[in-house]
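Some notes on the structure that comes next.
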Amino acid sequence: MGAIPDSDYFAGRVLIEPLAGGRLYNCSTCGSMFRHPILSSSRYLELYERGNPAQWSGDSDRQDWDIIRSLIAANPAAPKILDVGCGTGDFLLSLPKYFQKFGIEPSAAADQAALRGVKIVARQIEDLPAHAQFDAVTIIDVIEHVVDPSTLLEKAYAQLVPGGMIIISTGDPECPAWRQIFKSKYWYVSFPEHITFPSVGFYRLWCDAHHAVVQKKMSIRYRALSGWRLGVCFLMQAVFYLSPTAFSWVGQVMDRLRASPAPRRQIFSPGIPGLFVDHHVLVIEKPRT
C-alpha cells in the first residue's frame, strides 16, 4: 500500500539515527494492515524503556475512555481490572475507587503509575503468572504497538475469569480515508511505534479459533474537534500526504522559532487524532462455560 516515511522520534524522544519506515501492507484474508519490515521485540522494548514517561499520559477528552468505562460499569461484579500498557495510570485512576486496579507497563511510566496507586504486576504480559485472573483486561492504544497481536490476545484471554472481557481500543484499518485515500501516508501510520493494525476480521478469526466471542465493535472518533480544528488537521494531513519532506521542513522551521532544545527533530509527521472516525472499540467475551 506504499512506502511509510522514516521517523526520528520514538516514545517521546528524538533519535540520533532515524528508523526506516518500511512499507504498509494489507492482509488479503482478514483486511488487517501492517508495517514491514519491523524491528525485533527486544529492540522495541529497549526504545520504550528509553522513552519519555510523559508520552504515555492520557487525555481526558478521549471518547473511547467514556465507552470503556461504561462497558466496565455495566458489570458491577467485575472488580479486578488489568490495563495492559497502563502508562502513568490515567485510565485506571479514572475508574471508581472500588475497582482493584492492576497495570502492565514496560516504560519508566510504570514508576509514576505505582506512586499513584496502580499495582504494577509485570513489564510485559508474558511475565504474568498463570494464576493471575481478572474480570476485565483493557488494551487501550497498545495492540498497534506489538509484533504479534495474536499472542497478546492469547495471554490476555488466559488471564480472564469465565464471563470476563477484553476491551480493545485502537486504530480502525477499515476507515475509508485511511485505506482508500491516504494509505501509507496516513497520520496514524507515521508513528514508528505503530506496526500492526488488526481489523475486525482478524478478531473474528482469532475468536473462532479460541472459542471466544466478538461481543461488539464500535467505530469512533478519537476526540471531538471544533470546525476550525478539523480544517487545520485536514490541511496537515493533506500536506503530509502530498510531500512528507515539505511537512518536515515546516516542522524544522517551527522548531527553530520555538528554540527547541537539542537534539532537534529533522523528520516530522502530523499527530491529529479526531480528524476522522478512524478508531474502534472492540469487546471480546470469554464464555462462562
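Within region 103-131, restricting attention to residues that are over 19 Å from Ala158 (Cβ atoms) and acidic (Asp, Glu), the residue that is farthest from the chain's Cα centre (by Cα) is Asp111. Screening the candidates Ala259, Ala209 for the property of being at positive phi, surrounded by fewer than 19 Cβ atoms within 10 Å (Cβ to Cβ) and among the aliphatic types (A, V, I, L, M) yields one hit, Ala259. Has region 84-93 got at least one residue that is modelled with pLDDT under 95 and more than 20 Å from the chain's Cα centre (by Cα)? No, there is no match, as no residue in region 84-93 is modelled with pLDDT under 95 and more than 20 Å from the chain's Cα centre (by Cα).
Residue-by-condition table, conditions (1) of a type in the set (Phe, Trp, Tyr); (2) closer than 24 Å to Arg35 by Cβ:
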position: Ser184; (1), (2): no, yes
position: Phe202; (1), (2): yes, yes
position: Asp208; (1), (2): no, no
position: Arg223; (1), (2): no, no
position: Gly227; (1), (2): no, no
position: Leu235; (1), (2): no, no
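Checked across region 138-158, the condition of being within 21 Å of Arg223 (Cα to Cα), out of contact with any Pro (no Cβ under 8 Å at 6 or more places or on another chain), loosely packed, with under 15 Cβ neighbours inside 10 Å and not basic (Lys, Arg) holds for no residue. Counting only residues that are loosely packed, with under 13 Cβ neighbours inside 10 Å and of a type in the set (Val, Ile, Thr), region 103-131 holds 0 of them. Criterion applied to Arg264, Arg179, Arg258 was being touching a residue at least 60 places away in the same chain (Cβ under 8 Å) and over 30 Å from Leu152 (Cβ atoms), and the one residue passing it is Arg264.
Residue check: Ala246 meets all listed conditions (1) at pLDDT 95 or above; (2) surrounded by 15 or more Cβ atoms within 10 Å (Cβ to Cβ); (3) closer than 24 Å to Arg13 by Cα but one, namely (2).
Can Lys101 be described as part of a loop (DSSP other than H, G, I, E, B) and among the charged types (D, E, K, R)? So Lys101 does not fit the description; no.
The values are calculated or read from the model by the stated rules, or taken from the named source; none is laboratory data. These figures come from a predicted structure and were not determined experimentally. Cβ atoms come from the backbone with ideal geometry, glycine included; neighbour counts cover every protein chain shown.
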